[in-house]
Amino acid sequence: MLKETSMKKRWILFGASLFFLLSISSCEKLGEKGLGDKELVRINNVSISLEEFHQMLEWQPLEGKMKLLSDKAMRDFLENYVITREVLYQEAKRKGLDKKKEILTKVEDFERAMIIDALLEEVLKGEGEVTEDEIQRYYKENKALFIEPQEIKIRQIIVNSEPILREVLTKLNEGEGFEKLASTYNIGKFREDGGNLGYIRRGQLAPSFVQFEEAAFSLKKKGEISEVVKTPYGYHILRLEDMRGTVLRPIDQVREKIRFSLQPKKKQDVYLGYVKEAKSKAKILINEKLWAEEERKELKSKEEKK
C-alpha cells in the first residue's frame, strides 16, 4: 500500500542527493582568481554560490532544518557537510569512480525512482481526500468496529523514572504478578490496593490523559496488559480487570480515525487504476521461451540444493 508520508520522505532524500549531483556538475569551473561577490566557497575549481548554499539548506528534511537555526550550525553545515561532500566527490572522480558501470547503473536507478515518485505525486495529488458521505457510509456499515465497553475496570502500574520502568517490565516479562508489582513500585497513593483504579468511562478523564484512555479502551480481554503510556504523572502500564455494558461511539469521536483509515485505500485504488491504464496503452512483449528457460534453471538450482 502506498503511503504518502513515506513517498514524500523518499522524494526529499532523493531530491537532496540529486541536487548535490546536479549542483556539483553545473557549478562554474574557475581558475585561480579571487572569489566573486556571490561566490560563497570554491573547492579547487568548483564554485558554490550563496544562492546554491541556501538551496541546499532548503532541501534538508524538517528535522535537519531545525538543527540549522544558528549561525554556528550553518557554518558547521558548510564546512563539515557541503565542503566535505564536494572534496570527496572530486576525489571519487579523480579515481574514475564516476565512470564505473555499477555506479552509473545505480545513478540511473536513482533517477528512475525520482521520476516515478514525481509522477505518482502528481497523479495522486488530492486523490486521497475522503468525503463526509464516505465517512458516514463506512460508519453505518461497520458499527461493530466502534462498539466498546461502556465501563472498564483498570489496574495500573505507575512509575516516574525510566530505570524503574525497565526494572518493572523485566519482572513482568519474567512472570511476576501485576498486582504485586503495583503494590511494590507504584508512586504515592496508587500503591494502595495494587493499583486498582476501579471503573472508568470514556471521556471522564482530563484531556492530558487522552492516550491513557485510548490505551485503556483498546484492551479487549480481561487480563490483557497495555503498552507503556506516558502522561504528566509518569509511565503507566494498564491491565484490564473487567468490563460491563456496551456503547456505540458517536461518529464525532471516530470521524478522523475513519478518514485516516480510508485515505490510503483511496490512493491505492487510484494508483492501481492508473497503472492498469498505463499498461493498456503500452506495447509490452515478454519472451516466454526465455522466461521458461529461466524458470527451469531456478527449479534445477533448488533441486540441487536439497
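Read-outs throughout are calculated quantities, based only on the coordinates presented, and are distinct from any laboratory measurement. Only a predicted model underlies this, so the values are computations on that prediction, with no experimental measurement involved. For neighbour counting, all protein chains shown are included, and Cβ atoms are generated from backbone atoms with ideal geometry for every residue, glycine included.
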Would you work out which of TYR138, ALA206, HIS54 lies farthest towards the positive end of the dipole of the chain? Charges go on Cβ: Lys and Arg +1, Asp and Glu -1.
-> TYR138
Among GLU39, GLU293, GLU63, the residue with the largest mean-square fluctuation in a Gaussian network model of the chain built from Cα contacts under 10 Å is GLU293
Rounded to the nearest 0.05, FRET efficiency between VAL210 and GLU134 (Cβ-Cβ, R0 35 Å) equals 0.85
So for R0 = 25 Å, FRET eff. of LEU290-LYS99 from the Cβ-Cβ r, to 0.05, ends up at 0.20
Spin-label model distance (nm) - ILE147 vs PHE110, 7 Å beyond Cα toward Cβ = 5.6
Would you work out which of GLY126, ILE147, ILE43 lies farthest towards the positive end of the dipole of the chain, given +1 charges on the beta-carbon of Lys and Arg and -1 on that of Asp and Glu, about the Cα centre?
-> ILE147
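Relative contact order for the chain: what percent, with Cα pairs under 8 Å and sequence separation of 6 or more?
The value is 18 percent.
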For percent of Cα pairs over 32 Å apart, the choices are (i) 36; (ii) 61; (iii) 51; which was calculated from the structure?
-> (ii)
If you look at just the Cα atoms of the stretch 147-302, how large are its Rg and its Dmax in Å?
-> 25.7, 76
Given a Förster distance of 22 angstrom, what is the FRET efficiency for GLU121 paired with GLU51, based on the Cβ-Cβ distance and rounded to 0.05?
-> 0.30
In which sequence would SER49, SER208 go, from the one with the fewest C-beta neighbours within 10 Å to the one with the most?
-> SER208, SER49
Counting each DSSP H run of 4 or more residues in the chain as -39500 (n - 2.57), what helix-only mean residue ellipticity at 222 nm follows after dividing by all residues, to the nearest 500 deg cm²/dmol?
-> -17500 deg cm²/dmol
Going 7 Å from the Cα of THR231 in the Cα-to-Cβ direction, what parts of the stretch 143-181 have a backbone nitrogen less than 16 Å from that spot?
-> 152-161
